[in-house]
Structure formats: C-alpha cells, structure tokens
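Below is one structure, written out as structure tokens; the observations come after it.
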DNA sequence: AAATAAACGAGACGGTACGTCAGGTCTTGAA
DNA sequence: TTCAAGACCTGACGTACCGTCTCGTTTATTT
C-alpha cells in the first residue's frame, strides 16, 4: 500500500496485522459514522492501534479511505456470460451492488470531492479504483470484438476515446442513479440502461 | 431560500443583502480553498457578516454550500436549437461548463457525499439542484416528441422510467468525465456522447 | 435611581412599573442563577420588558445588580434597644440575615470584585450600599456616647478614623464569616463578637 | 495542584513548566485586565500554551484563579516578633500588602462570589487559601498563650470558636477596609485595629 | 383632533469568548 | 525501530451573551 522499500531490516518490524485491522476499522467507521464524522483517532481505537501507527502508514484521512474503499472493488469480475449484453448487465449489477454498500456510498464521493483539489489524491484514486474499473470495460469490449458484437476501431486514438466514453457512460449512469438520484440500480433499470447503451454503440450511425 | 413564512412582522427584519453576500462569499471561498478547507467563520468574514447571522439562516456548511452551488445552475437554459441533437449538445455543453468551474467541482460532490447519510440534505439537493436539471431533460424530450424525433410513450410509468434513465445517463456521464475521470467534456466529447445516446434512444430495438 | 433630570416633558414617559419589575426580576435571577449565570436578556424576559428598555436605564449588569442588591439593605434599622451591646447585636443580626439571603450572597461580592477596577462602580456601591450601613454605625456610636457608654472623641479626625475602624470591623467580620468562612452568623456568634468588640472599644487602653 | 495520583506511568508526561507558566500568566492577566475581562484563551496565549492544555488541568476560570491567587499567600509568615501585638501587627501588614496587589484584589473577591453557589469551589478556596491563613492565626494564638499573653481555654470547642472568631475579625476587617471601603490598611490603621482587637481579647469581661 | 416625540416590544445585527473536538506531532517507556 | 499511550499545539466548531440597531406600535404632551 505504501513503504514499498524492502529494506529496513533493523529495529522492530511493522506489524502486518495492523494494516488489515486499520482498513477494516475504517470501513466499519464509514458504515457507522459516514465520512465526515469518521475520525482517525476513532479508527485507531477500533483497530486497537495507536494513532502514531496509523500516521506512520497513511498521510491522512483521504489516503486511508481511498485504500479502504479500493478493497471493496477487488471483488469486481467479468466472467464470460456468453453475450455482450449479458456481460454488461452482469458487471453493472456487481458495480451497483458495491456502490449500494454504505461504506462505499459514504466514502467514495467524498474522496472524489477532495481529489478535485489534490492531484496526488486524484492519482491515487485513479490508480487504485478507477483504472481497475476501466480495465474491465476494455476487457469486455475486446471480448465483444472477438465475438464480432462490436466493430474494431482502426485508429488507436479513436479506440481510446471510445473506451473512455463507454466507461464514463457506464460508471456515470450507475453512480448518478445510486448516489445523486438516490434510487436503486436494480435488474430492471440495468436491462433498460444496457439496451440503450448497446443500441447506441452498435446501431448504424446513418 | 429559507423561512418563506410571510408572518413575523415584528422585530428588525432580516437583511436581504446579507443572504446574497454570504452566498457569494461561499462561492469565492470554494474557489480559493475548496470544500474541506472552507470554514463558516471565514465565509462570514468575507461576507462582512457575523457568524451568528450565518447560523441564523443556514443549519451548517452543507446547507449553505447547496444553496451557493444551486445558484450556479440558474443559468441553465434550453433554447430551441432546431434539432434534438443540437438541443442535447447545447445543454450538455452548458452543464459541463458549470461543472468545470472550481466552485462547482469542489462543492457539488462533497454535498452529494454528505447527503448519503442525511435525508434532509438529500431532499434539499434534489429540490434546488437535481430537479431543476431533470426538468430540462423532460422539456427537451417533450420538444423532441413534438418534433417527431422521439416516440411518444403510451404508459406514463414507462415514460417516467425513461425520463429518469435519460437524466441519469446524461448527468452521470458528464459528471463522471469531469470529476472522476478528470477530463474536460469538450465539444468533441459531447458530440460523441450525444451520438451514442440518441442512437440508443431512437434506433429500432431489433 | 438614574435620570434625575426633571425635564423631558414631551414624549411617552418612562414606565415606572418597569423599573420595579426589572429590579425584582434581577433579584429573582440572582437567587436562581447566581451572578455569573445571570444574563440581561433573561432578566428582561422575566420582567416582561425588552432588552432596550433595560439598557435605557442601566449601563450594564454591574450597575443593575448594585441597585437590585441595594434595595435589600433598605430594611436595616437601628431601634433603640436600651444598651450599646443590645443595639450592636441587633443590627449585626439584621445585617447577617440580609447577607444570608442568596440574592445578596451572589451579587454583593461580585460587584465589589468588579468595583476594584471601576471607580464609577465603586462610587455607586459606596453611595447606595456602604454609606447606608456606615450611617447606622455612626448613629449607634453617637447614641452610645449620649448614653455615656462610649467616650467622646476630642479630635474630629480621630473620630472619623475610629468610626471607619468600627465599621470595617463590624461589616468585615460578618461578611467574612458568612461568605468566606461559610458559616452562619447566628446569635451565639454575634454575642461573642459583640463582647470582644465592645471590650476593645471601652476597656482602658493601659 | 491537581492530579496528585502517582499512577499514570504511560504516555507522555504532563509538562511541569506549563503549570507554572499558566499560573504566572493568569496573575499577569489579572493585573492587566481584571477578573471579568480575563479570558482563558488569552491566558493560554500568554503562557505559550494551547487552550486544551489549560482545560486539561483546570475545570475553568474559577479554579484557575484560585490556584493563581493562592500562590500569593505562600509568602505569609509569622516570625516571632517578641509580643502578641507585634506579631499581629506584622502579619496583618503582610496580609494587607498582599491584598493591595491588583492580582489579589481582582481575583479574590470574584472567586469568593462564585463560591457562594459552588461547593467544590468553596472547598478549594478553603483548602488552598483560607486554611493557610487560619493556621497562622492559631499558631499566633498558641505562641501568645505560651508567652502568657492570652488565657488558655479549657473547653476545646470554646477554643475552636474563639479561634474562628479571631480569624474572621482579623481577615474580615482587613479585607473590608481594602476592598469594600477602598482604603489602604496602613501602619496607623493596623496599630489602631490591633489595639482594639487585643483589648477585646484580653480585658476582663467585667 | 392632529401632530409631535419619546418609550416600548421584538428581534436581527456585529462581536467576543466560550468549552469541545479533531488533526497531526512529539515524548515517554516497553517490546 | 516500532509500538501504545497520551500530552501537546493548532484551528474550527456551534452556542451564548453582549450591547446596538432597526422596525412598527403605543402613549403621552403640545398645538
């Protein structure tokens, strides 16, 4: 997560258990208190750890919460469900399920908000959360192209642009429905969304 | 903004100028400091107002920022640009321009994050920000239906569902690109997005 | 109490009832809350009066409390009980009874404390509280001298010095016992005190 | 002053220097500002200490000022001056000199006033100020009894009563003259006072 | 009767201090 | 060198009172 240095042999070694305990405590605090009422002192107490231990590993609340939330997205997978529509529906439902959890709800938008003024935080979010999702989109598109369900782009720049567009449309719609509109992204909604998205991507532009 | 009650004739009336000064000061502080470093004491000082005056009118930082940001969306309009595509591109560009402003960037996601644990705040955001945008979407769709560019829905429930879907897709994509992906929603992107969206909405479902 | 000017004929006259209500409310608040938690807003409310009315008559908390407490000492009297000892015991008991009341306890020492840094307040206290008590002492001494129980001083300066000394010894002992030592100045104590005092004043200095 | 507990071995120990700095700053603030304008934030700043450090050690303004003023009385001593009259005059002059200092003037009566409604504060004042003075009185009396200048009481209860009476008369007279009457307790006054007091205590009751 | 003028209630206003809380750092002794 | 504990400095919080002000209203006296 941090301190990648394999050196540092002398002195008492850092407790490996502490990291996991702290992240778990962070998520628990997010569920109970939400972002704004979460305090690092409380997280340390919950984790059975001193505040100094926590600060030795993370720079502050933002970085800690990014790491704690990022782990939630580890479970995102893209099994081959046989068709592009089924793949999209599957992954969107997974994504919606994660976003519906209170620790994600509370924490994710908050760190995104903070990241608007902090480039390092933005990079950290991108690296540990956004790109992970983005990779799924690209992988799904490649699979659909192998299946012949989506056309192959000739221009690599055009390919990148389209990939980004798809990603923003998918993630944006789910996030907006869940967090802004405050509705559930259930199966019915996901089917409707997928239908419009795929029609838009595959219909002849005429 | 608050206390619409026409009662309360007695006592010194509240200064109307103070409201405007406070909201303007809030936006200025958002630009300079961002959400997390904005303090109500500082806003009061900037507005030339006592902290108590501020607390007499707003319950806290969240409510104040919602009102301050909401005013930014007052300029959203939907002039008839002749075609559905032109209308969509026009309004999305306007929306993107507002979101690109630092006072919106800083404040909007933060209050949305807070609103995940505060129903009253959620209602305030919906009332003063979200529904205003939603109305534009509905109006645009109605205009397109009058033009014959979009089909009329028979079922009103189906119509509402579709309206919500379109809204979440439009707002979500722009917000996600601007705030999460961290890219600009420029004309080229808007054209590409509009193409996919409208194809998805108008192409025969096969 | 204030505004001694007999002029000011035009306009609505000040309510005489308000003064009395305010002073009574002040004493009630002293009893319930004590000096430090007494607020002028609360006094105004108790008196059924606006804060402005209160401030039109008194400069602040100190002045108000001096006037409110001063009225308590109106009941001090010096009836002729036949002997100096009886006179002293009588007036000391009266004085102790007033000091034992919570409104006096709370307010008196507080304004004295404030007066150490405010000459105007000191003058006000002297004028409306201290001199009233002092006059009793002088009157009692004169009576005792008429009776032949105390010697007549030849030197008027010496007479003044002795008068002040007696006053400080009497008032000081009662106040100290009541407020600092925190004991009751009951009949037994008063008898003991009077005995020592009068012996000290009348015994041959030899 | 507080936390006499020898426990609490873990964690960073409290700074001993901070205590002294805070009490000195409190006295300085009393001199400059007086009781009512003394603020704990200002004291903390003067002491070069955070407000929280101050609140960690004292419950509030009252307790702090009691401790700050109590230290002034540390210098009270009762050297053997050869006779009871000389002993009394000496200690009364010392006491008057302390009371004449602005930090004592401002603070002492104020905390006494507060203590009328706060038993814990009353106990604190008694423990750290009043009993210290009382002990001097008792010691002086015992010395005079050894010298044969004062009679030995047979009844211990009577002895206690007389001790209290003497103490209230001495302290009360000095305090009243200094703080209420607003005059200086100079040598001349002290001589006059001592004469009356000792005559009262030693003359045959006739 | 009308005009004038001050006092009145209500309550908003700019301030100041309150006592608390969280952030992030530092200091101790033990592991 | 890390750890738990907890004291430390900093700075914002939201509240309470202060004493002033601005309203519309009431109650006198003066025309």
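The values are calculated or read from the model by the stated rules, or taken from the named source; none is laboratory data. What you see is a predicted model; the values in this text were computed from it and never measured. Counting neighbours? That spans all protein chains shown, and the Cβs are built from the backbone with ideal geometry, glycine included.
See the values below:
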quantity	calculated
Neighbours by Cβ (under 6 Å, 6+ apart or cross-chain): first from the range B:7-34, in a helix (DSSP H, G or I); second at pLDDT below 95 and more than 8 Å from DNA strand E (Cβ to nearest atom)	B:30/B:106
Single unsatisfied condition, residue B:139 versus (1) away from chain A (no Cβ under 12 Å); (2) outside any helix (DSSP H, G or I)	(2)
Filtered residue count, the range B:35-60, keeping only those that are closer than 21 Å to residue A:115 by Cα and away from DNA strand E (no atom under 14 Å from the Cβ)	2
Residue match in the range B:77-90 (condition: within 16 Å of DNA strand E (Cβ to nearest atom) and either assigned to a helix (DSSP H, G or I) or surrounded by 17 or more Cβ atoms within 10 Å (Cβ to Cβ) (or both))	no
Residue list for the range B:70-87, filter: within 16 Å of the chain's Cα centre (by Cα) and farther than 26 Å from residue B:36 by Cβ	B:75, B:76, B:77, B:78
Residues located in the range A:165-179, provided they are within 28 Å of residue B:118 (Cβ to Cβ) and either more than 7 Å from chain B (Cβ to nearest Cβ) or at pLDDT below 95 (or both)	A:170, A:174, A:178
Subset of the range D:121-164 [within 17 Å of the chain's Cα centre (by Cα) and more than 15 Å from residue D:78 (Cβ to Cβ)]	D:121, D:122, D:123, D:124, D:125, D:126, D:127, D:128, D:129, D:130, D:164
Lone qualifier among B:99, B:93, B:108 - being within 13 Å of chain A (Cβ to nearest Cβ), surrounded by fewer than 22 Cβ atoms within 10 Å (Cβ to Cβ) and in a helix (DSSP H, G or I)	B:99
Number of positions in the range D:141-158 that are out of contact with any helix residue (DSSP H, G or I) (no Cβ under 7 Å at 6 or more places or on another chain), surrounded by 15 or more Cβ atoms within 10 Å (Cβ to Cβ) and over 17 Å from residue D:87 (Cβ atoms)	0
Checking residue D:189 against (1) over 20 Å from the mean Cα position of the chain (by Cα); (2) surrounded by fewer than 21 Cβ atoms within 10 Å (Cβ to Cβ); (3) more than 17 Å from residue C:196 (Cα to Cα), the condition it does not meet	(2)
Single residue of B:23, B:72 found to be away from chain A (no Cβ under 14 Å), closer than 20 Å to residue B:132 by Cβ and within 14 Å of DNA strand E (Cβ to nearest atom)	B:23
Count - residues of the range B:118-129 that are within 12 Å of chain A (Cβ to nearest Cβ) and either within 15 Å of residue B:61 (Cα to Cα) or in contact (Cβ under 8 Å) with a residue 40 or more places away in the chain (or both)	5
So residue A:144, is it in contact (Cβ under 8 Å) with a residue 60 or more places away in the chain and part of a helix (DSSP H, G or I)	yes
Residue in the range D:88-103 that is free of Cβ contacts under 8 Å to residues at least 40 places away in the same chain and closer than 16 Å to residue D:138 by Cα present	yes
Count of residues meeting criterion [away from DNA strand F (no atom under 11 Å from the Cβ) and either within 14 Å of chain D (Cβ to nearest Cβ) or more than 14 Å from residue C:108 (Cβ to Cβ) (or both)] in the range C:49-69	4
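Per-residue answers, yes or no, for (1) assigned by TED's automatic domain parsing to the domain that holds residue D:91; (2) modelled with pLDDT of 95 or more; (3) under 22 Å from residue D:103 (Cα atoms); (4) not in a helix (DSSP H, G or I):
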{"site": "D:153", "(1), (2), (3), (4)": "yes, no, no, yes"}
{"site": "D:185", "(1), (2), (3), (4)": "yes, yes, yes, yes"}
{"site": "D:193", "(1), (2), (3), (4)": "yes, yes, no, no"}
{"site": "D:198", "(1), (2), (3), (4)": "yes, yes, no, no"}
